[in-house]
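The values are calculated or read from the model by the stated rules, or taken from the named source; none is laboratory data. Keep in mind that this is a model prediction, so the values were computed, not measured. Positions of Cβ are backbone-derived with ideal geometry, glycine not excepted, and every protein chain shown enters the neighbour counts. Just so you know, the surface numbers come from the protein's heavy atoms only, side chains and all, with ligands and any DNA or RNA stripped out. Shrake-Rupley method; radii C 1.70, N 1.55, O 1.52, S 1.80 Å.
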Amino acid sequence: MPAERVVRGVRKVGATTLAILQRLGFATRFFAAVVWHSPQAFRRLQLTLREIYFAGVLSLVIILVSGMFVGMVLALQGYDVLNRYGANDSLGILVALSLVRELGPVVAGLLFASRAGSAITAEIGLMKATDQLAAMEMMAVDPLARVVAPRFWGGIVSMPLLAALFSTLGVFGAWLVGVKLIGLDNGAFWGNMQAAVDFREDIVNGFIKSVVFGVIVSLIAVFEGYDAKPTAEGVSSATTRTVVESALTILAADFVLTVFMFRGVGV
Amino acid sequence: MKTAPSPAAATFDTRCANAVELSGVTFGYDRRTILKGIDMTIPRGKVVAIMGGSGCGKTTILRLIGGSLRPRSGRIVVAGQSVPQLDRDGLYALRRRIGMLFQFGALFTDLTVFENVAFPMREHTDLPDEAIRDLVLMKLNAVGLRGAAQLKPAELSGGMGRRVALARAVALDPMLVMYDEPFAGLDPISLGVVGQLIRRMNDALGITSIVVTHDVYESLKIVDHLYFVSEGRIVAGGTPDEVRASSDPFVRQFLDGAPDGPVPFHYAARPLEQEFVRAR
Amino acid sequence: MNRATIDLWVGVFVLIGIGALIFLSLRVGNLLTTSNAPGYRLEARFDNVAGLKPRAPVKAAGVVVGRVERIVLDPQTYEASVTMRIDQGFQFTRDTIASVLTSGLLGEVYIGLDAGGDSQMLADGGRIAKTQSALVIEKLIGQFMLDRASAAPDK
């Protein structure tokens, strides 16, 4: 019966929509609860510092190395294209704007999600699966304040710094390739870059993006961990979900932010 | 060991002879009913075992007493306070006086043994570091693991982990300690050690203990009273001597480990003939 | 991992992170050179600013002295009114000529200022009277063709 099949299909769409909405609602309440419990996490700064160590310091290597390579590739590819139009001197502009506006926040966000976000989810999920969160609650210690909030804020603090380091190393990598390897003029490289990159329009907006991505990744990571099914499969699928959801949300949010930020520039 | 000052201490510890009282407690998720009217009194200073098969609602009883679940109906009174009516602060104040040992210990894997035991003290007291150090080493000494203070939980055997969790459960000198399957997965020696520790801690610190377990022989050695739970009800109970002498079919099945009896071997199903007639 | 080690590493991380932000702001961006520096506004009107964009540099003798802030069309005169923000410390005479220029054949469009000999200086909100519009390459070619066409019969 085709009609029946259609009805069943529509019902499935409805059920999925409701499930997604319910989850979003739950995530929003969770977000509010984490923010509500944050003052306790700040009062004991040591807890948050520890999470900055795990989220930020341990992500340093991947961020620095990736940033450097991305910058070097950008310089090679950019030079190849710019050279055709005799605009070699604009290489610094191309690299700096790509990194500061887009690649820095976005790629650092993606790397951060897969390095630190997944680790946060796995850690919290494992604590849940082994009753550590329940044990904490039975000891009259709120896991939201003791476990979740410090990780959340550790991620938010780490992410903009990592994005800035990514962009910086990218510019450095591009300088290595462009100036040291290809032999472009050092003065033109930096001079044109400085003339074209604006502090408010480019640097500040890029920074805002990286803060937003930090909030997104941290929230998804702690939420998925806290919400994970308390089993081995539950934790592993929650970890996967963290990476996938973070990547999609970062890219979507990046589009929205870009529309608002760079509207009217160059148009 | 009169240490670890707690602001809530004064409100408990007085008057009531029973540490925990449950009457007419029912509980369930959605359509599934798990507890169908539990009456239970746990006198102060005693070790009481709650026994039953897997999945019969034993752990649920502990969660109700600890306030992480709310009953559908019935009264739960711990140290004179009605648990379901407590607000968050009241509940947390009560929980500071309750220790709990989770199944498999639930030690914090990122902290050392020392820090695990120190955790409740650091969270709830303003004691200086030296005082905490002395207290923690005393607790660890009581469970015989002072030497393991700097190990990580992953480096401990199952029995040692259980003992550390025990030390953590009594860190703040609680008035009530709940044990969720303290014997699960232990070898006979560790099992005996943990059993003896439960008894010794109870008597030395003057606490009340509730042990949820399906290990009937170990329980008979250490407890003052046993309750048997099956399908959401208390089906039998008594002192260890009464239980040993009991002719109750459920208790007998539990003691003898018979595969069939009041707890059936077969999951509820249609009659066998009907099943095969249909299949053809 | 003890507390002192964590503190040290987090300290190092935060410091180099902030260092990277400062590097981006100063070396890559132009925080010191313009945006933050105090300045004043000048206005100039052009028949055509083709290709000029907000934030384009304003240069005098090849030195960046400010930036284009706003470009609007005057509905009465159909001229483009360009507001520039000039850094404090650079003064221009009243007979300064503002031109819309292009760096190189395909480079960015900017405004060039050529100071004159007047003793009076332009103040905040002042208007540059003498301007030279952008060279539009199609028009140039068209002009060139016309000249050739009109010159040919004389030969």
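Brief remarks on what is shown
- Using only the C-alpha atoms, the convex hull of the protein assembly as shown corresponds to 294 Å³ per residue.
- Here the range C:56-112 and the range B:92-165 have alpha carbon centers that stand 72 Å from each other.
- Distance between the modelled labels on B:GLN196 and B:LEU111, one decimal in nanometres: 2.9 nm (7 Å Cα→Cβ projection).
- Legend: residues B:HIS124, B:HIS225, sorted from most to least accessible area (1.4 Å probe; ligands, DNA and RNA excluded), read B:HIS225, B:HIS124.
- Legend: residue pairs A:LYS128/B:LYS139; A:LYS180/C:LYS53; A:LYS229/B:LYS58, Cα-Cα distance threshold 30 Å; pairs beyond threshold, A:LYS180/C:LYS53.
- The range B:71-89 and the range A:66-127: distance between their alpha carbon centers, rounded to Å: 56 Å
- Farthest toward positive dipole pole in chain A [+1 Lys/Arg, -1 Asp/Glu at C-beta], among A:ALA188, A:VAL10, A:LEU162: A:VAL10
- Inter-label distance for C:SER103 and A:PHE42, nm, one decimal - labels placed 7 Å from Cα along Cα-to-Cβ: 4.4 nm
- Chain B: antiparallel DSSP beta bridges as a percent of all, rounded to 5: 55 percent
- Between the C-alpha center of the range A:180-212 and that of the range A:215-261 there is a gap of 30 Å.
- Charge dipole (Cα centre; +1 on Lys/Arg Cβ, -1 on Asp/Glu Cβ; no other charges) of chain B amounts to roughly 480 debye.
- Candidates A:LEU103, C:PRO38, A:VAL34 compared by Cα position along the dipole of the protein assembly as shown: farthest toward the positive end lies A:VAL34, with charges placed on Cβ.
- Helical mean residue ellipticity (222 nm; -39500 (n - 2.57) per DSSP H run of 4+; nearest 500) of the protein assembly as shown: -16000 deg cm²/dmol
- Largest first, the three principal axis extents of the alpha carbons in the range B:53-141 are 46, 31, 21 Å in whole numbers.
- For C:THR131, the accessible surface of its heavy atoms amounts to roughly 50 Å² (probe 1.4 Å, protein chains only, rounded to the nearest 10).
- The alpha carbon radius of gyration of chain A, expressed as a multiple of 2.2 N^0.38 Å, is 1.20.
- Cβ-Cβ FRET estimate between A:ARG84 and C:LEU15, R0 fixed at 45 Å, reported to 0.05: 0.60
- Relative to its Kirkwood radius, the Cα radius of gyration of chain B gives an Rg/Rh of 1.02.
- Solvent-accessible ranking of A:TRP190, A:TRP153, A:TRP36, largest area first, probe 1.4 Å: A:TRP36, A:TRP153, A:TRP190
- Kirkwood Rh in Å, taken over all unlike Cα pairs in the range A:202-267: 13.2 Å
- Mean separation of Cα contacts under 8 Å, 6 or more apart, over the residue count of chain A: relative contact order %: 31 percent
- Radius 15 Å from Cβ of B:GLN253, net charge of other residues (Lys, Arg +1; Asp, Glu -1): -2
- Relative contact order [Cα under 8 Å, 6+ residues apart], the range A:1-160, whole percent: 42 percent
- Here the calculated FRET efficiency for A:VAL244 and C:GLU43, from their Cβ-Cβ distance with R0 = 51 Å, stands at 0.45, rounded to the nearest 0.05.
- The calculated FRET efficiency for C:PHE90 paired with A:ARG11, based on their beta-carbon distance and R0 = 56 Å, is about 0.20.
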